[in-house]
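K.L.:
Sharing a structure with you now.
The values are calculated or read from the model by the stated rules, or taken from the named source; none is laboratory data. All figures in this text were calculated on a predicted structure; none of them were measured in a lab. With ideal geometry, Cβ positions are generated from the backbone for all residues, glycine too; neighbour counts draw on all protein chains shown.
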Amino acid sequence: MSHIPRASSLATQGYNKPSARLGLRRPLVDSANAVSDKDVLKAEPTKPSYGFRTRTGITSTAGGLKPSANAGALKPSALGAKHALRKATATKPTLKEEIVNKEAEIDSLTKKLNDVSVEDIDAEDRGDPLLCSEYISDIYTYMRHMEQELAVKPTYLATCTDITERMRGILVDWLIQVHMKFKLLQETLYLTIRILDRYLSMADIQRGQLQLCGVTAMLIASKFEEIYAPEVNDFVYITDKAYTERDILDMEIKMLNTLAFDINHPICLHFLRRNSKAGGVDGKFHTLGKYLMELCLPSTGMLKFKPSEIAAGAFLISLHVLSPEKTWNSTLTHYTGYTKAKALVPAKAIAELVIRSDKSKLQAVKNKYNSPKFFSISSLAALSKVEDFISTEGL
C-alpha cells in the first residue's frame, strides 16, 4: 500500500496554501525535488477551461487566459438596446424636416451667390443719419410684412349691397382731382385709396355715403402725411356742401374705430423709390413709374397685386420703354424682391390699363401727367412699346 502523505507534510512537498488557492495540481515529489513558495508564486496561474467569455474579452482556456477575437465588444442588454433605439429614433429628423432643411440651405447659398454681384446702393448714405441707411433693409422687410397683413380682398365689392366697381372708379378719379386741387403730397393720395378700400371691405355702406367716405379717408391721410393738412371746412366746400362738418367728423370717428386706428399702410410709392434708386434712373424714368401706378388706382382688378408687385411691374415697363438697353439684373432682383419673370405678371396687367386709357372715361390721371411738370409723360410716343408686354411672352 502506497504511502499517503499527511496534511501537515504537504507544505514541505510543495503543496502550500497560495498555490492551492490558485488551483495548482502538481505530482507528488520528494523533498529533494520540492520547489519553494517563491518559485510557485512565479508560476503562470491556470484555471479550469469552462469556455466562457469574460467581461474584459479574455477567454479562459486550459493553457491560460487568452484575448478573445471580439475583445472589448460587449453586447448591450435588452433594456440598453431598447433605450438606444428609442434615442436614435427620437433624434433622427423626419423626411419633411430634412427637405425643409435642405431647402433652407439652398436658399442661403443662392442668396450668397446673388449677393456677390449685388451693388450696395446705400454705401454713400452711411454718413447721413436722416437716410437711416443702417435700418433701411429692416424697414422694407417690415413693409413687405405689413402689405400682406393689411391686404384687401380683391373681390370685396361683391359683398357690398349698394356699391359697385363703377362707383368706386368714379370716386377714385374724383379724389385724384381733389388731391391736385389741394396740392397734397403723393403719399397722401395712395394712402387715401388704401384707407378707403380697407374700410369699404369691412363696412357695408349706402351709395349716399360713398363720397363722404372718400373725403373722410383723404382727411385722415392728410393728417397722417401732411405738415399742414386741409381743414374740415375745405372738404365741406369741395363736396359742394353735400355733407356738413359734423358729418365728416362723425365718419372720421367711425372709420378710425373700424380700422382700429391702424392706417400705416405700405404704398406703391415707397417701393418705387427704392426700385428707382437700385436702377440708378433719372426723374423722367421715375415719373413714368408714378404715372403707371396711378393708372392702377381706379381699377379694382389691380387689388389682387401687392403694392410692391405693382411698383416692380411699373418699373419693368419704364425700363423697357425708356431704356430698353438696360436689363433686369441681380441688383434689381435683390432690392425689388422679384425676379423679372415675377415682375412681368403685374407689368402685363398695367400694360393693359395703358392701352385702354385712351378710351376710358376716367381721365384724371392721364390729364394730370400730361402737363410739363410731369414731362408730359402720359402723351409719350414711346408708351406704344407697352404692347410688347401683351404680345411677347418672352419679354
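K.L.:
Any residue that is under 17 Å from Leu189 (Cβ atoms), in a helix (DSSP H, G or I), in the same structural domain as Phe374 (by TED's automatic domain parsing) and free of Cβ contacts under 8 Å to residues at least 60 places away in the same chain - is there at least one of those in the stretch 276-292?
P.N.:
Scanning the stretch 276-292, I find at least one residue that is under 17 Å from Leu189 (Cβ atoms), in a helix (DSSP H, G or I), in the same structural domain as Phe374 (by TED's automatic domain parsing) and free of Cβ contacts under 8 Å to residues at least 60 places away in the same chain, so the answer is yes.
K.L.:
Which one of Glu187, Glu134 is under 27 Å from the mean Cα position of the chain (by Cα) and either outside any helix (DSSP H, G or I) or in the same structural domain as Lys304 (by TED's automatic domain parsing) (or both)? Lay out the reasoning, then the answer.
P.N.:
Values: Glu187 fails: either outside any helix (DSSP H, G or I) or in the same structural domain as Lys304 (by TED's automatic domain parsing) (or both).
Result of the check over Glu187, Glu134: Glu134.
K.L.:
I would also like to ask the following. Among the residues of the stretch 135-175, how many are out of contact with any Cys (no Cβ under 8 Å at 6 or more places or on another chain) and closer than 20 Å to Pro266 by Cβ?
P.N.:
22
K.L.:
What is the one condition in (1) among the charged types (D, E, K, R); (2) within 35 Å of the chain's Cα centre (by Cα); (3) assigned to a loop (DSSP other than H, G, I, E, B) that Lys359 does not satisfy?
P.N.:
Here Lys359 clears every test but (2).
K.L.:
Just wondering, is there one or more residues in the stretch 109-126 that are within 25 Å of Asn275 (Cα to Cα), in contact with an Asp or Glu (Cβ under 8 Å, 6 or more places away or on another chain) and modelled with pLDDT of 90 or more?
P.N.:
Within the stretch 109-126, none of the residues are within 25 Å of Asn275 (Cα to Cα), in contact with an Asp or Glu (Cβ under 8 Å, 6 or more places away or on another chain) and modelled with pLDDT of 90 or more.
K.L.:
Next question, about the same structure. Here's a check for you: in the stretch 254-277, which residue that is hydrophobic (A, V, I, L, M, F, W, C) and within 16 Å of Leu332 (Cβ to Cβ) is surrounded by the most Cβ atoms within 10 Å (Cβ to Cβ)?
P.N.:
Step by step, filter the stretch 254-277, then rank; the result is Phe271.
K.L.:
While we're here: Before we move on, is Leu175 free of Cβ contacts under 8 Å to residues at least 60 places away in the same chain, surrounded by 15 or more Cβ atoms within 10 Å (Cβ to Cβ) and part of a loop (DSSP other than H, G, I, E, B)? So that I can check it myself, show each step before the final result.
P.N.:
Working: free of Cβ contacts under 8 Å to residues at least 60 places away in the same chain: yes; surrounded by 15 or more Cβ atoms within 10 Å (Cβ to Cβ): yes; part of a loop (DSSP other than H, G, I, E, B): no.
Judged against the criteria, Leu175 is not a match.
K.L.:
Considering only residues that are touching an Asp or Glu at 6+ places or on another chain (Cβ under 8 Å) and closer than 22 Å to Phe305 by Cα, which ones fall in the stretch 367-395?
P.N.:
Answer for the stretch 367-395, where residues must be touching an Asp or Glu at 6+ places or on another chain (Cβ under 8 Å) and closer than 22 Å to Phe305 by Cα: Ile390, Leu395.
K.L.:
Report yes if Ser378 is at pLDDT below 95 and touching a Lys or Arg at 6+ places or on another chain (Cβ under 7 Å), otherwise no.
P.N.:
Considered against the rule, which asks whether it is at pLDDT below 95 and touching a Lys or Arg at 6+ places or on another chain (Cβ under 7 Å), Ser378 comes out as yes.
K.L.:
If Leu380 passes every condition in (1) within 32 Å of the chain's Cα centre (by Cα); (2) surrounded by fewer than 21 Cβ atoms within 10 Å (Cβ to Cβ) but one, which one does it miss?
P.N.:
Unmet for Leu380, out of (1) within 32 Å of the chain's Cα centre (by Cα); (2) surrounded by fewer than 21 Cβ atoms within 10 Å (Cβ to Cβ): (1).
K.L.:
So Ser308 passes all but one of these: (1) under 21 Å from Ile390 (Cβ atoms); (2) outside any loop (DSSP other than H, G, I, E, B); (3) polar (S, T, N, Q). Which condition number does it fail?
P.N.:
(1)
K.L.:
Separate question: If I go through the stretch 359-385 residue by residue, how many of them are out of contact with any Phe, Trp or Tyr (no Cβ under 8 Å at 6 or more places or on another chain) and closer than 28 Å to Met167 by Cα?
P.N.:
So the count comes out to 10.
K.L.:
Closer than 30 Å to Glu149 by Cα and either part of a helix (DSSP H, G or I) or not hydrophobic (A, V, I, L, M, F, W, C) (or both): which single residue out of Ala349, Ala382 fits that description?
P.N.:
Matching residue, one of Ala349, Ala382: Ala349.
K.L.:
Return the pairs, sorted by first residue and then second, in which the second residue is among the polar types (S, T, N, Q) and assigned to a loop (DSSP other than H, G, I, E, B), the first residue lies in the stretch 140-163 and is farther than 23 Å from Ala312 by Cα and outside the structural domain of Gly301 (by TED's automatic domain parsing), the beta carbons are less than 6 Å apart, and the residues are 6+ apart or on different chains.
P.N.:
Hits for this filter: Tyr156/Ser201; Asp162/Gln206.
K.L.:
Taking the options Met202, Met218, Met146, name whichever one is farther than 17 Å from Met255 by Cβ and either within 34 Å of the chain's Cα centre (by Cα) or buried (at least 17 other Cβ atoms within 10 Å of the Cβ) (or both).
P.N.:
Values: Met202 fails: farther than 17 Å from Met255 by Cβ; Met218 fails: farther than 17 Å from Met255 by Cβ.
Every option except Met146 fails the conditions.
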